[in-house]
Structures are given as C-alpha cells and as structure tokens.
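Rule-based calculations on the coordinates, nothing more; no lab input. Remember, predicted model here, so these are calculated numbers, not experimental data. Reconstructed Cβ throughout: ideal geometry from the backbone, glycine too, with neighbour counts over all protein chains shown.
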Amino acid sequence: MTVSEYNNCVDKFSDAVFRFLLKNTRDEDLANDLVQDSFLKLWVKRKEVDGTKSKSYLFSTAYHTMIDYFRKNERKEDFNSLKHDVSHDGGGFSDLKEILESALLKLTPIQRSVVMLRDYEGYSYQEIGDITDLSEAQVKVYIYRARLSLKKYLVSPETVC
C-alpha cells in the first residue's frame, strides 16, 4: 500500500470505522482512540497490505483492537455504569432509537458486532467472517440468533409500555 492509498483509505473509511466502533463501545472517546489505534496498525503494516483490501483489513483490525481493549479491561469495574443501570427505571421508551439501542446492548459482543457489520455497514457474510475470523456459517448463526433475541426483546410487553 502506498502513502496515497493509505491517505485515501483514511478519507474513505474513517467515518465508517468510527460509527462501527461507536455503536459497539457506546463511548465516543474510546471509539476515537480505537480508530486511531487501528489506523496506526494499518500504517505500520502498510507495506504488507494490498491497497484493494485495505477496507477489510482496517475493519478487521478495528474489530480486533476493540476486542483486545475489552478483554484487557473486562475485570475493571466501572462504577458510573453500575449507578446508571441502577437508576434506570426501565419504564416506557420515548424514542424508537432508544429502544433499538437498548435491544442491541442485550446482545453478546460478538452478536452485536456481526449485526452491526451486516445491517448497519452492509457487509456480506464472507466479509464479516474475514473481519471477525469466523466462518461464513458461524456468522449466519450469530446473526440469526441475534435477530431472534432482538425480535423477542422488541415485541415483549415490557418494552412496548
């Protein structure tokens, strides 16, 4: 990958990578940091990366950077989020976006990621498999199960109230 291809990649994909990471992390600062880390990793490996496959490589790197971050920090307790969860009354949502955000948070991280890549970013099953290191069949299973969970949550009477 040449420097101009790298710069083109930054221009084309930085917003999409940011949206993907923001939807999964729900933290703007963290998403920005992970985007920067992902582009740094791409820059370091630019001579080994084919310019035509830079989008796939970048999303794969961003996904793995996010997973590494979560694994590293999973044992740390975030008291702010615990207080937020306790104070949330769970009563009637005023906005469809809030309902969808809440439903997505109920999914496992891998289910959330594959659904986001498929439904928000429009990737094919094969591309999602390449990004997440899953087989195409596994991707389809995760998406199917995630959609069942979303459907179950979205049609429950408690959510509709």
Discussion item. Using Cβ contacts closer than 10 Å as the measure, can you line up K152, K72, K55 from fewest to most?
Written reply: K72, K152, K55
Worksheet item: Of L21, T52, L40, whose Cα points farthest to the positive end of the dipole of the stretch 1-75 (charges on the beta-carbon: +1 Lys, Arg; -1 Asp, Glu; origin at the Cα centre)?
Response: T52
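Rounded, prolate or oblate, given the Cα gyration tensor of the stretch 92-155, with a/c below 1.5 counting as rounded? Please list the in-between numbers first.
Numbers: a/c = 2.79, a/b = 2.07, b/c = 1.35.
Since a/c reaches 1.5 and a/b is larger than b/c, the shape of the stretch 92-155 is classed as prolate.
Give the order of T61, T2 when sorted by the count of other beta carbons within 10 angstrom, beginning with the fewest. It would help to have the intermediate numbers written out before the result.
On the way: T61 21, T2 10.
So the residues, fewest neighbours to most, are T2, T61.
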Discussion item. Compute the orientation-averaged projected area for the stretch 18-61 from the convex hull of its Cα atoms and round it to one decimal in nm².
Written reply: 2.8 nm²
Item to complete: Fewest Cβ neighbours within 10 Å first, please rank Y57, Y63 accordingly.
Response: Y57, Y63
Discussion item. I'd like the FRET efficiency for L105 and E136, computed as 1/(1 + (r/R0)^6) with the beta carbon distance as r and R0 of 25 Å, rounded to 0.05.
Written reply: 0.40
Response to the item:
Quick calc: nm separation of the 7 Å Cα→Cβ label points for Y69 and R19 -> 1.8 nm
Worksheet item: Which of the pairs K72/K151; K41/K97; K23/K106; K23/K151; K97/K140; K55/K151 have their Cα atoms more than 22 Å apart in this structure?
Response: K72/K151; K41/K97; K97/K140; K55/K151
Worksheet item: Assuming R0 = 45 Å, what is the FRET efficiency of S156 and W43, from their Cβ-Cβ distance, to the nearest 0.05?
Response: 0.45
